[in-house]
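The values are calculated or read from the model by the stated rules, or taken from the named source; none is laboratory data. Computed from a predicted structure; not experimentally measured. Every residue, glycine among them, receives a Cβ derived from its backbone with ideal geometry; neighbour counts consider all protein chains shown.
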Amino acid sequence: MSDGQARTAIVTGGTRGIGEAIAIRLKADGYKVAATYAGNDEAAQKFTAATDIPAFKWDVGDYEACKAGVSTIEEAHGTTDILVNNAGITRDGMFHKMTPDQWRDVIRADLDSVFNMTHQVFPGMRARGFGRIINISSINGQKGQMGQANYSAAKAGMIGFTRALAQEGAFKGVTVNAVAPGYIATEMVSAMNEAALEKVVAQIPVGRLGEADEIARCVSFLADERAGFITGAVLTANGGQYIAA
């Protein structure tokens, strides 16, 4: 850590699933971690009680809420050195039946949020000469997925954002990378009916779902000070289900 001080990390959507695993891993790495969440107060309270990581509630799709929320975190924990844009939702449906609200809700929560959060911390990272921005995309942002035109578009947009911003931050010591998970054994995936779950696993060459901590370890690697030569990269973690060039 710089000058003996722990760096501060913010993980959006950080109280459940992959985000929870990332927050726990970064804390174990020695960072001061703050998690954000959108609405599940009970889960957030349990998370904080179990991990001693503070959780802050706001809508990351709202620019002004992000501005106020990041300011609150930084007042308590110091300037942000690491931002993990993990928050996201799904509103699946075949495109010919997809409503404008289904489209807008996903783009707002999954892609607009990346702009909203990154815009708060990027200038400070540049000024201090260090920053790590890690965007959690998806296998379906790389290959597309039937019934997820909105989600696939948002996650693909996140990859484009990553590659563009990496070029702006590199000479100032700010790296911008993405992790693209495949199917991970989160609460949402594990709730699928048995037949559907078996069909998913059959498509994964390693023969199993991923674990949330496997994604967290990818983030831990990219967040490290020693990862400064890696920027604009998309780290795929999908068990061989989709191999991107």
Next on the checklist: I'd like the full set of residues that are surrounded by fewer than 21 Cβ atoms within 10 Å (Cβ to Cβ) and in contact (Cβ under 8 Å) with a residue 24 or more places away in the chain, limited to region 32-45.
Outcome noted: 38, 40, 43
Checklist entry - Any idea which of 52, 112, 62 is at positive phi and charged (D, E, K, R)? => result 52
Item to check | Restricting region 226-245 to residues that are out of contact with any strand residue (DSSP E or B) (no Cβ under 7 Å at 6 or more places or on another chain) and free of Cβ contacts under 8 Å to residues at least 60 places away in the same chain, the residue that is nearest to residue 185 (Cα to Cα) | outcome: 240
Next on the checklist: Condition first: under 30 Å from residue 225 (Cα atoms) and acidic (Asp, Glu). Can you find one or more residues in region 167-185 that meet it?
Outcome noted: yes
Next on the checklist: Show me the helices (runs of 4 or more DSSP H) found entirely inside region 146-245 where at least 2 residues are small (Gly, Ala, Ser) and modelled with pLDDT of 95 or more.
Outcome noted: 149-169, 212-223
Checklist entry - Any idea which of 68, 6, 50 is part of a loop (DSSP other than H, G, I, E, B), of a type in the set (A, V, I, L, M, F, W, C) and either modelled with pLDDT under 95 or more than 17 Å from the chain's Cα centre (by Cα) (or both)? => result 6
Item to check | Qualifying position, being under 19 Å from residue 222 (Cβ atoms) and under 18 Å from the mean Cα position of the chain (by Cα), among 169, 131 | outcome: 131
Checklist entry - Name the residues in region 45-61 that are touching a Gly at 6+ places or on another chain (Cβ under 9 Å) and over 20 Å from residue 7 (Cα atoms), would you? => result 47, 57, 58, 59, 60
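A quick yes/no check of all residues on (1) under 20 Å from residue 112 (Cβ atoms); (2) touching a strand residue (DSSP E or B) at 6+ places or on another chain (Cβ under 8 Å); (3) in contact (Cβ under 8 Å) with a residue 12 or more places away in the chain; (4) crowded, with 20+ Cβ neighbours inside 10 Å:
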position: 141; (1), (2), (3), (4): yes, yes, yes, yes
position: 145; (1), (2), (3), (4): no, no, no, no
position: 150; (1), (2), (3), (4): yes, no, yes, yes
position: 156; (1), (2), (3), (4): yes, no, yes, no
position: 167; (1), (2), (3), (4): no, no, yes, no
position: 170; (1), (2), (3), (4): no, no, yes, no
position: 184; (1), (2), (3), (4): no, yes, yes, yes
Checklist entry - Residues 51, 72, 99: which one is surrounded by fewer than 21 Cβ atoms within 10 Å (Cβ to Cβ), within 19 Å of residue 213 (Cα to Cα), without any contact (Cβ under 8 Å) to a residue 40 or more places away in the chain and among the β-branched types (Val, Ile, Thr)? => result 51
Next on the checklist: I need the full set of residues from region 1-31 which are loosely packed, with under 14 Cβ neighbours inside 10 Å and among the polar types (S, T, N, Q), in order please.
Outcome noted: 2, 5
Next on the checklist: As an exercise: evaluate residue 160 against (1) over 15 Å from residue 242 (Cβ atoms); (2) buried (at least 16 other Cβ atoms within 10 Å of the Cβ); (3) without any contact (Cβ under 8 Å) to a residue 40 or more places away in the chain; (4) of a type in the set (Gly, Ala, Ser) and give the number of the one condition it does not meet.
Outcome noted: (2)
Checklist outcome for this item: Taking region 189-233 and the residues there that are of a type in the set (S, T, N, Q) and out of contact with any helix residue (DSSP H, G or I) (no Cβ under 8 Å at 6 or more places or on another chain), the one that is surrounded by the most Cβ atoms within 10 Å (Cβ to Cβ) would be 203
Item to check | Members of region 75-96 found to be exposed (fewer than 13 other Cβ atoms within 10 Å of the Cβ) and either at positive phi or not in a helix (DSSP H, G or I) (or both), listed by number | outcome: 94
